[in-house]
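Participant: Submitted below is the structure of interest, expressed as structure tokens.
The values are calculated or read from the model by the stated rules, or taken from the named source; none is laboratory data. Predicted, not measured: the structure shown is a model, and the values here were computed from it. Neighbour counts are summed over all protein chains in view; Cβ atoms, including those assigned to glycine, are modelled from backbone coordinates with ideal geometry. For the accessible areas, the whole protein counts, side chains as well, though only heavy atoms, and no ligand, DNA or RNA atoms are used. Shrake-Rupley method; radii C 1.70, N 1.55, O 1.52, S 1.80 Å.
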Amino acid sequence: MSMVAARMQKMKAENLIGLGNHNQRKTANHSNQEIDVTRSHLNYDLVDRTNNYKTDIQTFINETKASSRAVRKDAVLVSEWIITSDTDFFKTLDEKQTRKFFEVAKNYFAKNYGEENIRYAQVHVDERTPHMHLGIVPFTEDKRLSSKTIFNRQALKTIQDELPDELKKQGFAIERGEQGSTRSHMAVQEFKDYKETMTKHSQLTKEVDGLERDYQTYQAVMDTVKDINVPTEPLLEKRGFLKREEIETDKVIISKKDFETLHEAYRYVPVLKKEVRAAKRAEQAQAEEKMQIKAQRDELKKENKQLQKMVAGAKKMLLKLDDYLEKHLGISFKDALAEDPDKHREKQAPESEKKGPQGPSL
């Protein structure tokens, strides 16, 4: 008896364009050589509610999610299931029965994960084995986007158990795939080819996005250069920047070489701006340093004035002391220091002792 093959692939925003191109056969060339393009018009979508995978699915998510925060760039937006069986199974079915097979599978997922969350159910009959790409936006009951919550390990096991039973109830001679089986059949091989195609497309999409950013940068430079008013002065003409022709417009014609020179020079504008900002910061730091030095100088001036007052007070005290010594001891402190301070002290000591109580006690 044939077995159901149900495989899931997590799709992020960067995968949606390539996913749509593949599922809807929007490109003429296909990496899968088994696609019969003469039969591609027989493919159909059981829900038919998504025209542009990236735009329409992201719009649905933004309108449905409970949180007002933006969806993470690396978030899984679609859990895509590939539903199929082996080629011999589908040989026993006619076109109407084949459609019913996929409708039963789609209805099973709609019942368990929400009809509105199924954004596409694209059936391909233009390959060796018919199969369906079923895209489910993994919303939780409280409208959170979480693939790992919706399709956890237990949920995946439940699907593998219940989906074959649902198909058998509808009259299909099919059973569950062997658990842990390494058996290889066409459905699994097609799935592997499909995953490889999606991986390659994701890489190409990143390269295209990079080229698009480079183009936008170039376009911005072009717009800036276009807006520059180039003076038509003789000096520029002498240096070979301008042609001598005159035309009846307000445009200035320059050679390709001159334009490339200007374009190259324009690339250094950010560097110059950076240097100017650095110079301004250095100038500001220097000004702050000057202010600190001025403040220190003002502080030293204040201290100097205080010292001058202290010196003046000390001088007054010395004068008073000198007058006192001259009056009571008959010596002049200034004259004694001028002659020989040590000798003066030796001579005066006896006289002080003779006078004894009559002299002051110093």
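Participant: Using a 1.4 angstrom probe on the protein heavy atoms only, line up M3, M132, M310 by accessible area, largest first. Walk me through the numbers on the way to the answer.
Facilitator: Numbers: M3 35, M132 0, M310 135 Å².
In descending accessible area the options line up as M310, M3, M132.
Participant: Taking +1 at the Cβ of each Lys and Arg and -1 at the Cβ of each Asp and Glu, which of N62, G18, N112 sits farthest along the dipole of segment 7-142 towards its positive end, judged by Cα position relative to the Cα centre?
Facilitator: N62
Participant: I'd like to check one number: the per residue accessible area of segment 1-134, probe 1.4 Å, reported in Å² as a whole number. Can you show the working numbers first?
Facilitator: Values: 6710 Å² over 134 residues.
Accessible area per residue, segment 1-134: 50 Å².
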